[in-house]
Amino acid sequence: MRSIRGKNTKIELIVRKYLHQQGFRFLIHDARLPGKPDIVLPKYKTVIFANGCFWHGHDDCKYFVLPKTKTEWWKEKIFKTKELDDKNMKKLIEMGWKVVTIFECELKKEKFQLTMAIVENKIRAI
Ligand SMILES: [Zn+2]
């Protein structure tokens, strides 16, 4: 089954570019790990998911609005995505990985610096 998370989405590229500029080195879309994380930093045993607010049903977010048509279908689809996200996160944590999730809305201009500072702290935290 095709993953609904597109490869090389814009949000993902923004995060990758920033981390690269900060000197981090990473792998992308590592299929050996649950959920095929967008960014994998082996040195820090950290994985990062860069999630679209709509596809991943970001709670209490203005960018997550269910479409007016086929609403139930979308609800179900997004619920399943979230369930899978949770499952993968639990597996990764059990395997000893630190999991950082970044949502699209947290990368908007006015929030970007703060978000990435928090992400950097999480990566470097033991
Ligand atoms: Zn959001």
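Every number here is computed from the coordinates shown, using simple stated rules; none is lab data. Keep in mind it's a predicted model, so treat the numbers as computed, not measured. With ideal geometry, Cβ positions are generated from the backbone for all residues, glycine too; neighbour counts draw on all protein chains shown.
Observations on the model:
- Under Karplus coefficients 6.51, -1.76 and 1.60, residue-wise ³J(HN,Hα) of the stretch 59-64 in Hz, glycine/proline x: 4, 6, 10, 5, 8, 9
- For Cys53, the residues whose modelled amide H falls within less than 5 Å of its own, excluding neighbours fewer than 5 places apart on the same chain, are Glu104, Cys105.
- Axial C-alpha extent at least 18 Å, average Kyte-Doolittle at least -1.0 - helices from the chain (DSSP): 109-124
- Pairwise label distance in nanometres, Lys111 with Trp74, each label 7 Å out on the Cα-Cβ vector: 1.9
- Calculated FRET value between Lys45 and Leu84, using beta carbons and R₀ = 25 Å, to 0.05: 0.70
- Test item: Cα-centred dipole of the stretch 39-109, Lys/Arg +1 and Asp/Glu -1 on Cβ, debye: 180
- Here each label is just a point 7 Å from Cα along the line to Cβ, and for Glu94 and Ala125 those points are 2.3 nm apart.
- Value of Rg to Rh for the chain (Rh from inverse mean 1/r over Cα pairs, i.e. Kirkwood): 0.97
- When the listed pairs Lys70/Lys98; Lys10/Lys70; Lys45/Lys82; Lys45/Lys70 are checked against a 32 Å cut-off, the alpha-carbon distance exceeds it for Lys70/Lys98; Lys45/Lys70.
- Our analysis of the stretch 56-95 gives Rg over Rh at 1.10, with the two radii drawn from alpha carbon positions and Rh computed by the Kirkwood formula.
- 5 angstrom amide H check on Lys98, placed H, neighbours 5+ away: Thr46, Val47
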